[in-house]
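Enquirer: I'd like to ask you about the structure that follows.
The values are calculated or read from the model by the stated rules, or taken from the named source; none is laboratory data. Quick caveat, the model's predicted, so the values are computed rather than measured. Heads up, the Cβs are rebuilt from the backbone with ideal geometry, glycines too, and the neighbour counts pull from every protein chain shown. Remember, those area values only see protein heavy atoms, side chains included, never the ligands or the DNA or RNA. Shrake-Rupley method; radii C 1.70, N 1.55, O 1.52, S 1.80 Å.
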Amino acid sequence: MTTAVTVLRGLVSKGWSNVVSKGWSNGWSNIQIYLCNIFSNAGLYLASLSHRYNSTRNATILDRVQLIVKKIYTMTQCTGKIGFLPRIMGLASDPAFAAYYKGYKPHYLCVAPYEEYVWLGSTSRDMYFGIAFGLTSAWVYVQDEATKLLVQQVIETILDDLIKYHFWIISPKETLTNPTPLFSAVFRKLALTVNSTKYSNEQLGYDIDFALTVATRGFSLQDKWASGYFVDELTVEGLYILSILEISNDTKRSILFTEFTKAR
């Protein structure tokens, strides 16, 4: 738990805080920050809220957790390809966001009934890892039945699209990004966690992907400040997710703990 929180703080300090400061300096409204999936940072924000709720049991924080989960669900619907996560989604009417997206190629108006939103960007594993980071935190640390049901719905919506295409990320505009063993392992473990009956066939794939990640040094980390861009952000997010979901296999837990303790 202590290690997970330490890494979460590191990610937030390097990621979410930068986005918030840029958002404020560009004049984005408070609610616009909450509704955007900006290079995975909606997931980081959700993770922060989930840990905060776990510590405080504050009803206002719970409401905000549910708001973010519902907006992530909107992200999975708004492009017309159910389950696909766009790189960025925001309100078309927000003046500051409009100034940004009108100069961004490509950008698209969301399909009905989400026409008030615009989505941007090509495919990437970034937002999938980030959103998984947030949804996993909400699943584990927000002990509220209604919230768990919302989180499960969103996770299964994303999973059903990924599994259909063997964990390749394919946008409705036919751009695509390949999976890595760590990426597939993360989403297969999420599948086995939230609905082990529906996704029981993913167990063998998860075991193989975990082994491949170890064999290819996919858990290896550099120093957090090795460059201006945190090159290991996705690796740390994957380690975090697997570390808090893997509760039964002692060998896997030992490997994850060893690698996780290298996160500084």
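Enquirer: If we scan segment 168-186, do we find a residue that is open to solvent by less than 60 Å² (accessible area, probe 1.4 Å), in contact with a Phe, Trp or Tyr (Cβ under 8 Å, 6 or more places away or on another chain) and closer than 27 Å to ARG64 by Cβ?
Expert: yes
Enquirer: Also: Restricting to segment 131-175, count the residues that are in contact (Cβ under 8 Å) with a residue 60 or more places away in the chain and over 22 Å from TYR199 (Cα atoms).
Expert: The number of residues fulfilling the criteria is 7.
Enquirer: May I ask you to say which residue of TYR114, TYR73, TYR108 is at negative phi, of a type outside the set (D, E, K, R), part of a strand (DSSP E or B) and in contact with a Ser or Thr (Cβ under 8 Å, 6 or more places away or on another chain)?
Expert: After ruling out the rest, the residue left standing is TYR108.
Enquirer: Could you run through segment 81-95 and say how many residues are farther than 22 Å from ILE131 by Cα and open to solvent by less than 20 Å² (accessible area, probe 1.4 Å)?
Expert: Number satisfying all stated conditions: 1.
Enquirer: Follow-up. Given the conditions (1) in contact with a helix residue (DSSP H, G or I) (Cβ under 7 Å, 6 or more places away or on another chain); (2) open to solvent by 60 Å² or more (accessible area, probe 1.4 Å), and given that SER55 satisfies all but one, which numbered condition is not satisfied?
Expert: Condition not satisfied by SER55: (1).
Enquirer: Do we have any residue at all in segment 231-241 that's surrounded by fewer than 18 Cβ atoms within 10 Å (Cβ to Cβ) and either touching a strand residue (DSSP E or B) at 6+ places or on another chain (Cβ under 7 Å) or modelled with pLDDT under 90 (or both)?
Expert: Among the residues of segment 231-241, at least one is surrounded by fewer than 18 Cβ atoms within 10 Å (Cβ to Cβ) and either touching a strand residue (DSSP E or B) at 6+ places or on another chain (Cβ under 7 Å) or modelled with pLDDT under 90 (or both), which makes the answer yes.
Enquirer: Do you know which residues across segment 153-167 are assigned to a helix (DSSP H, G or I) and either surrounded by 16 or more Cβ atoms within 10 Å (Cβ to Cβ) or of a type in the set (D, E, K, R) (or both)?
Expert: VAL154, ILE155, GLU156, THR157, ILE158, LEU159, ASP160, ASP161, LEU162, ILE163, LYS164
Enquirer: Taking TRP119 as the residue in question, decide whether it is among the aromatic types (Phe, Trp, Tyr) and touching a strand residue (DSSP E or B) at 6+ places or on another chain (Cβ under 7 Å).
Expert: Against the criterion (among the aromatic types (Phe, Trp, Tyr) and touching a strand residue (DSSP E or B) at 6+ places or on another chain (Cβ under 7 Å)), TRP119 qualifies.
Enquirer: Follow-up question, since we're still on this one. Residues in segment 196-219: is at least one in contact (Cβ under 8 Å) with a residue 40 or more places away in the chain, touching a helix residue (DSSP H, G or I) at 6+ places or on another chain (Cβ under 7 Å) and among the basic types (Lys, Arg)?
Expert: No, the conditions are met nowhere in segment 196-219.
Enquirer: Okay, moving on. What number of residues in segment 193-229 are among the aromatic types (Phe, Trp, Tyr), within 23 Å of THR258 (Cβ to Cβ) and part of a loop (DSSP other than H, G, I, E, B)?
Expert: Qualifying residue count, segment 193-229: 2.
Enquirer: Mind telling me which of the residues ILE155, ILE163, ILE170 ends up being under 17 Å from GLU246 (Cβ atoms) and either modelled with pLDDT under 95 or of a type in the set (Val, Ile, Thr) (or both)?
Expert: Checking each option against the conditions leaves just ILE155.
Enquirer: Give just the number: which of (1) part of a helix (DSSP H, G or I); (2) touching a residue at least 24 places away in the same chain (Cβ under 8 Å); (3) surrounded by fewer than 19 Cβ atoms within 10 Å (Cβ to Cβ) does LEU190 not satisfy?
Expert: All conditions are met except number (3).
Yes/no per residue for (1) at pLDDT 95 or above; (2) open to solvent by 10 Å² or more (accessible area, probe 1.4 Å); (3) among the β-branched types (Val, Ile, Thr); (4) under 14 Å from the mean Cα position of the chain (by Cα):
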residue	(1), (2), (3), (4)
TYR104	no, yes, no, no
VAL111	yes, yes, yes, no
ALA132	yes, no, no, yes
SER137	yes, no, no, yes
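Enquirer: Any idea how many residues of segment 78-100 are outside any loop (DSSP other than H, G, I, E, B) and either within 12 Å of VAL118 (Cα to Cα) or small (Gly, Ala, Ser) (or both)?
Expert: Number satisfying all stated conditions: 10.
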